[in-house]
Amino acid sequence: MCGIVGIHSHQPAAAELYDSLIQLQHRGQDAAGIITCNEQLHIKKGLGLVQDIFEARHMERLKGTMGIGHTRYPTSGSRVNEEAQPLWTSVPNGIAFAHNGNIVNYPAMRYEVQENRKRYLNSYSDSEMLMQLFADMLLKHLGSGPEGSTHHNQFFDSLCSAASEMFTLVQGAVSAVMIIKDRGLAAFRDPHGIRPLVYGKRENADGTVDHIFASEDTMFYMLGYTRVRDVKPGEIIFISHDGSFNSRQFAEKSFTPCIFEYVYFARPDAMLNNVNVYRSRLRMGENLGRHWLRTYPDVRPDVIIPAPATSNTMALALARELGVNYSEGLYKNPFIGRTFIMPDQAQRRQSVRYKLSPQELEIRNKDVMIVDDSIVRGTTSKEIVLMLREFGAKRIYFASACPPVLQPCYYGVDMPNSDDLIAASMTHDEIASYLGADILLYQTLEDLVEAVTRKGDHHIDTPCTACLGGGYIHLSEEHRPCVS
Ligand code: SF4
């Protein structure tokens, strides 16, 4: 998972790109970068948090009213500075590129780009491969257009043709923003719309219009933009240098956006695919509460405590449903990163106690229900249960707002391999025993999908639930091992 943003503005773009990346920091904390464009491309990127990478002297150098930015959590390639995004290439025109997603058939596509198209790849980043493939296709389509496709309508036709052709070869999740030098800003999404991409605009006092594309709309209000809509699956939008807006759906398949965005990744104040993330989490808690009432009609905890902070919303709704007190009995230190994002298991286990501090008065001598958004490896959940026992909980019930995570993700989320997914190797009872919980309750897949799709003027066919036991999109067996 990564965060991307693209801005086509009438004022210098660098500061707004920086502010946007701060608002997308939760989507990737490994690396970040910005490329802006005037007569040339200006680049600054590095490893670490956004606020640690960009200094005033860098911002001064990032000139231009158009630019793109990226926060990176690696899912393909290695953790090196060269692979931090945005990336750029010189042919055709000069292209800067930022990508959120993962290419499933990467080895075959790498071969296609290097051996068949003779474009050198300097890394094992699927984003670099994707950029070079797109650039090669765009070059071909520009060359075949009338008068070298100099008019922007013809240029847009070439862009659409390149995107359409690319997705006949590429399998996987792609949301991308792209500067094409002397042409404009483009944004596109794969035909299944797996990863999010939202479009907004800002009307200036002089009548001009600025445009923004981002993984989440969380920075729109702050920057004065209004959310217009999501980029559609298989759609490319192009804002040309003269400010004209062009869009086309070059391909459309079943619309299957990632359900985990709603469970965990996206910020609660985001609206993705026309579904409000906060409200969807309330519905997850509501459905989980109803499931509890059906399954354990005679069992009520004394208190419901979320494993902060994503699950606060779910726990609140669940508490309402059961008529039980909600308590923030675990304090979360906001200055320590998510355990899911930390690379090493021992580090992750140790970090739970740094991060979460139990409040004894909320726990001692009580039957406690702990609510978490999901159980992935189980290490954090086990530590939480242990801490609650140490702080005097009588009985501990564990409720997960997400069904068991059974399989890895091949679409840009760095899930562990099956070997490390607790639900892939243990039965329900074994997991409850491993966690040390008196009762363990998982949300059903049907209830989760219902919670996400119940409201909103969305066009989701069915969300991707592949890691929860649903089918993999585009994946035949031979593609599964291809993710690096
Ligand atoms: Fe999201 Fe899971 Fe599908 Fe990956 S496999 S896109 S994490 S729902």
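For the chain, evaluate the Debye formula with one uniform point scatterer on each Cα (no solvent term) and list log10 I(q)/I(0) at q = 0.06, 0.12, 0.13 Å⁻¹, rounded to two decimals. Taken in order of the listed q values, log10 I(q)/I(0) reads -0.28, -1.03, -1.18.
I need the per residue convex hull volume for region 3-253, using only the alpha carbons, in cubic angstrom as a whole number.
On the way: hull volume 28.2 nm³, N = 251.
Spread over its residues, the Cα hull of region 3-253 gives 112 Å³ apiece.
Grab the Cα-Cα distance for Ala108 and Ala309, subtract it from 0.36 nm times how many residues apart they are, and report the gain in nm with one decimal. Display every interim value, and only then the final one.
Working: separation 201, 0.36 × 201 = 72.36 nm, distance 4.02 nm.
Contour length minus Cα-Cα distance gives 68.3 nm.
Scalar couplings 3J(HN,Hα) for region 230-244, obtained by applying the Karplus form with A = 6.51, B = -1.76, C = 1.60 to θ = phi - 60°, are 7, 5, 6, x, x, 10, 10, 10, 10, 9, 7, 4, 7, x, 6 Hz; x denotes Gly and Pro. Reducing region 281-337 and region 86-120 to their Cα centroids gives an inter-centroid distance of 45 Å. Taking a straight Cα-Cα cut-off under 18 Å and skipping sequence neighbours fewer than 8 places away in the same chain, the aspartates and glutamates within cross-link reach of Lys232 are Asp157, Glu165, Asp190, Glu216, Asp217, Glu252, Glu261, Asp457, Asp461. Please give the FRET efficiency for Asp182 paired with Phe245, using the beta carbon to beta carbon distance and R0 = 22 Å, rounded to the nearest 0.05. So the FRET efficiency works out to roughly 0.75.
Relative to the current alpha-carbon distance between Gln25 and Asp420, full extension at 0.36 nm per residue lengthens the span by 139.6 nm.
A crude spin-label estimate for the pair Arg320 and Lys140, with each label 7 Å from Cα along the Cβ direction, gives 5.4 nm. As a proxy for reagent exposure, ranking Met387, Met1 by other Cβ atoms within 10 Å from fewest up yields Met387, Met1.
Placing unit charges on the Cβ atoms of the charged side chains and taking the dipole of region 276-458 about its Cα centre, the candidate lying farthest along the positive direction among Met314, Leu441, Gly412 is Met314.
So what is the calculated 222 nm ellipticity per residue for the chain, using -39500 (n - 2.57) for each DSSP H run with n of 4 or more, over all residues, to the nearest 500 deg cm²/dmol?
Numbers: 15 runs with 145 residues, N = 484.
It lands at -8500 deg cm²/dmol.
Charge dipole (Cα centre; +1 on Lys/Arg Cβ, -1 on Asp/Glu Cβ; no other charges) of region 3-253 amounts to roughly 260 debye. Dipole size of the chain about its Cα centre, with +1 on Lys/Arg Cβ and -1 on Asp/Glu Cβ: approximately 520 debye, rounded to the nearest 20.
Among Ser90, Ser164, which comes first, then next, by fewest other beta-carbon atoms within 10 Å?
Working: Ser90 10, Ser164 18.
So the ranking, lowest neighbour count to highest, is Ser90, Ser164.
What's the extension gain from Arg294 to Glu55 if we count 0.36 nm per residue and subtract their Cα-Cα distance? Could you put the intermediate results ahead of the total?
Working: separation 239, 0.36 × 239 = 86.04 nm, distance 5.54 nm.
Contour length minus the Cα-Cα distance gives 80.5 nm.
Quick one: Debye curve from the C-alpha atoms of region 43-120, no solvent, what's log10 I(q)/I(0) at q = 0.27, 0.28 Å⁻¹? Values, matching the q order: -1.47, -1.49.
Of all beta bridges DSSP finds with both residues in region 363-454, what is the antiparallel percent, to the nearest 5? If you can, show how the numbers build up before the last one.
Numbers: 0 of 10 bridges.
Here the antiparallel bridges make up roughly 0 percent for region 363-454.
Here, each number is a calculation from the coordinates, and none is a lab measurement. Everything numeric here is computed off the predicted structure, so don't read it as measured data. Cβ coordinates were reconstructed from backbone atoms using ideal geometry, including for glycine residues, and neighbour counts include every protein chain displayed.
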